[in-house]
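What follows is a single structure, written as structure tokens, with notes after it.
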Amino acid sequence: KNPRSSVIIVGAGISGISAAKVLAENGVDDMLILEASDRIGGRIRKEEFGEVTVELGAGWIAGVGGKQSNPVWELAKQSNLRTCFSDYSYARYNIYDRSGKIFPSGIAADSYKKAVDSAIQRLSQEANHDASTAHDVSVLAETPSTPKTPIELAIDFILHDFEMAEVEPISTYVDFGDREFLVADQRGYEHLLYKMAETFLTTKEDKILDSRLKLNKVVRELQHSRNGVSVTTEDGCVYEANYVILSVSIGVLQSNLISFRPPLPRWKTEAISNCDVMVYTKIFLKFPYKFWPCGPEKEFFIYAHERRGYYTFWQHMENAYPGSNVLVVTLTNGESKRVEAQPDEETLREAMEVLRNMFGPEIPDALDILVPRWWNNRFQRGSYSNYPIYVNHQHVDDIKAPVGRVFFTGEHTSEKFSGYVHGAYLSGIDTSKALLEEMRKDKGRKNENQAFL
Ligand code: FAD
């Protein structure tokens, strides 16, 4: 029988590791971290591809240069993480049509302005509609101009699937600044997690050798009562603790990977199932040489196609890794799920056709392709939570509220910074602080009872 711990943390992504660190700093040393995969990091994940390190998950530190410092930027500085400034707002001036012509900047700017105006109009309609008690859907039916042409569709995709900063103030940029830095370090973004883990777990030569971290432990059942929690893993092990912190993604909570006994209350399951999950896929392509422009403001380019989101958003990696000859194309949601379901050769064929439309038939074939599968990964089931711009505060409160001895953390529990690395990092800290407070109260109650007896 495994010894009972004070706290079990399920998941060793950045929120799980930051939660564990806060517990350790407050004297809770007997925590246990159970991680389903064979590594820490979760959605922060590097892989060697085309002789460089690419980030399959989080790639940017978003929100830098403001009055307040982004805590993840601070961690990056402390760890000497190599980053490079990255500005995709110029992408809108590098829009290619199917015949390889770049749209004149005036046309692109006009289409962009139209899309921003339309998004603002739509949002204010939605806000008014939410505020009104009348269920009058006809107000919403009169939507502002719907994007139709390839350039309008491409800009609509960029605006809604990447940035909304020009439409609505986004807490990340308001609080931490509007600059973004791409992580370009051979040790990967995940190096930050190792540096954090090193402060409270035993490590040797960049390896964590601490029995309090257990990898390849897939939690399948969580029993909870007034007296404690009991966690069963796929390999049949049972771990007991006073409390559990669940840091698995919103996609995993929506799936049936973990069953709860007794089941979670209805307010909780409804909040979980009402949260949208975004799928965001970066596909990497390695070439024998580069054939794309690399000057200033050329890092990002866009392909305008009549199908929204069809291989729309491209980035070259020459700024991060000069001479790497690697391109990245980003797909989202339906397109992500479609390519996840097909063989990589088919995705390669589609991507090459798009590139030949933009740069001509003579460009070389890619030497290699890498297609991450966040949607089909049963330990992720998506890339990040996607709350509407006008967040219903009760909804996030319900997602993060504990159920008895079960505490919740992760990017999806962050009201201000959901979807970001810093959101996950800060949520781990918040959850552990709330748990420590609960532990103090619990101890107080026990002392009172003993004094009474
Ligand atoms: P996770 O990292 O998902 O950690 C949860 C852990 O739980 C995982 O390790 C998982 O394996 C484990 N787990 C799941 N189920 C079980 C189980 N049953 N038992 C045990 N363990 C389990 N953010 C940015 O700030 N900038 C970006 O540029 C950016 N780009 C992104 C691009 C992509 C493609 C993706 C996927 C994400 C991106 N994000 C970005 C978001 C960012 O990566 C996440 O918000 C953050 O890493 C989430 O951390 P977390 O600790 O909440 O969850």
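Quick note: the coordinates plus some simple rules give every number you see, no bench work behind them. All of these numbers come straight from a predicted model, not from anything done at the bench. Don't worry about glycine lacking a Cβ; one is built from the backbone with ideal geometry, like all the others, and counts go over all protein chains shown.
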Item to check | Vicinal HN-Hα couplings computed from phi for the stretch 237-249 (Karplus, 6.51 cos²θ - 1.76 cosθ + 1.60; Hz; Gly/Pro x) | outcome: 7, 10, 10, 10, 7, 6, 9, 10, 10, 9, 10, 5, 5
Item to check | P(r), alpha carbons of the stretch 389-449 - 5 Å bins starting at zero, rounded % | outcome: 4, 18, 23, 21, 15, 8, 6, 3, 1, 0
Checklist entry - Mind checking the angle between helix 150-161 and the chain's longest principal axis? C-alpha axes, 0 to 90 degrees, to the nearest 10. => result 20
Checklist entry - Looking at the stretch 329-427, which chymotrypsin sites (Phe, Trp or Tyr not before Pro) are DSSP coil and have at most 16 other C-beta atoms within 10 Å of their C-beta? => result 390
Next on the checklist: Based only on other Cβ atoms within 10 Å, what is the fewest-to-most ordering of 273, 432?
Outcome noted: 273, 432
Item to check | Rounded to 5, percent antiparallel among DSSP beta bridges of the stretch 177-271 | outcome: 80
Item to check | Whole-Hz ³J(HN,Hα) from phi, Karplus 6.51 cos²θ - 1.76 cosθ + 1.60, for the stretch 286-303, glycine and proline x | outcome: 9, 10, x, 7, 8, 10, 10, x, 10, x, x, 6, 10, 4, 10, 8, 10, 10
Checklist entry - How about the stretch 40-135: which trypsin sites (Lys or Arg not before Pro) there lie in a loop by DSSP and see at most 11 other Cβ atoms within 10 Å? => result 67, 101
Item to check | Reduced Cα scattering model of the stretch 338-453, Debye log10 I(q)/I(0), q = 0.10 Å⁻¹ | outcome: -0.57
Checklist entry - Given 5 Å bins starting at zero, what is the percent of C-alpha pairs of the stretch 222-302 in each, up to the one with the largest pair distance? => result 3, 10, 15, 17, 11, 7, 6, 6, 7, 7, 7, 4, 1
Item to check | Among beta bridges that DSSP assigns inside the chain, antiparallel share in %, nearest 5 | outcome: 70
Checklist entry - Where in the stretch 181-206 is the amide nitrogen less than 12 Å from a point lying 7 Å along the Cα-to-Cβ axis of residue 78? => result 192-200
Checklist outcome for this item: Here FRET efficiency (C-beta to C-beta, residue 216 to residue 69, R₀ 45 Å, nearest 0.05) is 0.80
Item to check | Restraint check, 286/400; 21/446; 113/286; 195/290, Cα-Cα greater than 30 Å | outcome: 286/400; 113/286; 195/290
Checklist outcome for this item: Per DSSP, the loop-located trypsin sites (Lys or Arg not before Pro) within the stretch 186-283 having at most 16 other beta carbons within 10 Å are 226
Item to check | C-alpha long axis of helix 105-131 to longest principal axis of the chain, angle in ° | outcome: 40
Checklist entry - How big is the Rg/Rh ratio for the chain, C-alpha atoms only, Rh by Kirkwood, two decimals? => result 0.99
Checklist entry - Once you treat every alpha carbon in the stretch 253-382 as an equal point and sum by Debye, what is log10 I(q)/I(0) at q = 0.18 Å⁻¹? => result -0.98
Checklist outcome for this item: Under the Karplus relation with 6.51, -1.76 and 1.60 and θ = phi - 60°, whole-Hz ³J(HN,Hα) for the stretch 39-48, x at Gly and Pro, equal 8, 8, x, x, 7, 9, 8, 9, 8, 7
Checklist entry - Near residue 101, which lysines are there with a Cα under 18 Å away, not counting those fewer than 8 places off in the same chain? => result 298
Checklist entry - In the calculated pair distance distribution of the stretch 47-91, what percentage of Cα-Cα distances lie above 13 Å? => result 67
Next on the checklist: How much of the pair distance distribution for the stretch 353-402 lies past 12 Å, counting alpha-carbon pairs only, in percent?
Outcome noted: 78
